[in-house]
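Here the structure is laid out as structure tokens; the discussion comes afterwards.
The values are calculated or read from the model by the stated rules, or taken from the named source; none is laboratory data. Because the structure is predicted, anything quoted here is derived from the model rather than measured. Counting neighbours? That spans all protein chains shown, and the Cβs are built from the backbone with ideal geometry, glycine included.
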Amino acid sequence: MEPISAEALLRWYIEAGVDEAVDEAPLDRFALSATRPPATPAPLSPAPRPPAPPPKAAPAAPPDTDQAAATSARLATECRTLDELRAALTAFEGCALKQSANTTVFADGNPAAKVMLIGEAPGAEEDKHGLPFVGASGQLLDRMLASIGLDRGSVYITNVVNWRPPGNRKPTPAEVAICLPFVERHVELVDPEFLVLLGGAAASAMLASTESITRIRGRWHAYSSPGLPRPVAALATYHPAYLLRTPSAKREAWRDLLTLRKRLLAQS
């Protein structure tokens, strides 16, 4: 017997009235229709974006050095007393150092003293207390003065720069140029007989010298200013902070102190 082809078998099924296929296993289609397909989860809405941060303010442009120095010169010249000079410094906004400093470090000691000492700039302790030379270098300075019979009641102390540079760094030439008119007026108002310039920065600024402190220390210089009735004898020596780092230089600093003492004894 020849096998029946699938097409002939399918035609025979149709002629016989077969209208659906039956599986070998029973299938409950009522149960299938009662089963609901799982609900499709609604798509998650995107999380709201955090608000954009406000734009950062552009950093303030550094003041023009020439303009700021001109302003400080005008303000300093207008001061007739030390109180006026202190007030002018406190209100002055032309030096960027003031923005990072806690206080304006003006001066300490006796403004009627014969000897005026000028350092470089305040450090951390000076910025904290508002007085010059009160940290470790100030304690050494006190001992240095005591060695020749002086103390803070017999000297007057200030700095070229009245605000602490960040990290106790050295003041920049621009910062010194801006502050210089104030310290020059400071000297004019005190009118001391002797200036002691502590460190290379103070000596270079006050004497307008490019020589290193090792070359100009230990000898007398003439400091002049339009508001002084006469030149003032100025002596440069090492800054106490340098002496703390370089103890071997204390011998030369001691000689400088003896030079000052000799001049003071000659004036008495």
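Are any of the residues in region 123-139 free of Cβ contacts under 8 Å to residues at least 40 places away in the same chain, out of contact with any Cys (no Cβ under 7 Å at 6 or more places or on another chain), among the aliphatic types (A, V, I, L, M) and over 22 Å from residue 188 (Cα atoms)? If you could, list the steps in order and put the result at the bottom.
Restricting attention to region 123-139, the residues satisfying the condition of being free of Cβ contacts under 8 Å to residues at least 40 places away in the same chain are 125-132, 134-135, 139.
Next cut, out of contact with any Cys (no Cβ under 7 Å at 6 or more places or on another chain) only: 125-132, 134-135, 139.
Those left that are additionally among the aliphatic types (A, V, I, L, M): 131, 134.
Those still in the list that are over 22 Å from residue 188 (Cα atoms) too: 134.
Yes - at least one qualifying residue is present in region 123-139.
Say whether the condition of being out of contact with any Phe, Trp or Tyr (no Cβ under 7 Å at 6 or more places or on another chain) and part of a helix (DSSP H, G or I) is met by at least one residue in region 225-235.
Our first condition is that a residue be out of contact with any Phe, Trp or Tyr (no Cβ under 7 Å at 6 or more places or on another chain); within region 225-235, this holds for 225-230.
From the residues that got through so far, the ones that are part of a helix (DSSP H, G or I) too are none.
The answer is no; no qualifying residue exists.
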Checklist entry - Among the helices (runs of 4 or more DSSP H) contained in region 25-124, which hold 3 or more residues that are over 20 Å from residue 205 (Cα atoms), over 24 Å from the mean Cα position of the chain (by Cα) and at pLDDT below 95? => result 29-34
Item to check | Filter result for residue 247 (loosely packed, with under 14 Cβ neighbours inside 10 Å and without any contact (Cβ under 8 Å) to a residue 12 or more places away in the chain) | outcome: yes
Checklist entry - Does region 149-158 include one or more residues that are surrounded by 21 or more Cβ atoms within 10 Å (Cβ to Cβ) and either more than 19 Å from residue 260 (Cβ to Cβ) or modelled with pLDDT under 95 (or both)? => result no
Checklist outcome for this item: Filtering region 86-108 for residues that are touching a Pro at 6+ places or on another chain (Cβ under 9 Å) and of a type outside the set (Val, Ile, Thr) leaves a count of 10
Next on the checklist: What pairs come out if I take residues in region 232-243 that are without any contact (Cβ under 8 Å) to a residue 12 or more places away in the chain and farther than 7 Å from residue 197 by Cβ and pair them with residues that are among the hydrophobic types (A, V, I, L, M, F, W, C) and part of a strand (DSSP E or B) whose C-beta lies under 9 Å away, six or more apart or interchain?
Outcome noted: none
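How many residues does region 147-205 hold that are among the charged types (D, E, K, R), outside any helix (DSSP H, G or I) and without any contact (Cβ under 8 Å) to a residue 60 or more places away in the chain?
Going through region 147-205, the residues among the charged types (D, E, K, R) turn out to be 151-152, 164, 169-170, 175, 184-185, 188, 191, 193.
After this cut, where a residue has to be outside any helix (DSSP H, G or I) as well, the list is 151-152, 164, 169-170, 191, 193.
Now restrict to residues that are without any contact (Cβ under 8 Å) to a residue 60 or more places away in the chain: 151-152, 169-170, 191.
Residues in region 147-205 being among the charged types (D, E, K, R), outside any helix (DSSP H, G or I) and without any contact (Cβ under 8 Å) to a residue 60 or more places away in the chain: 5 in total.
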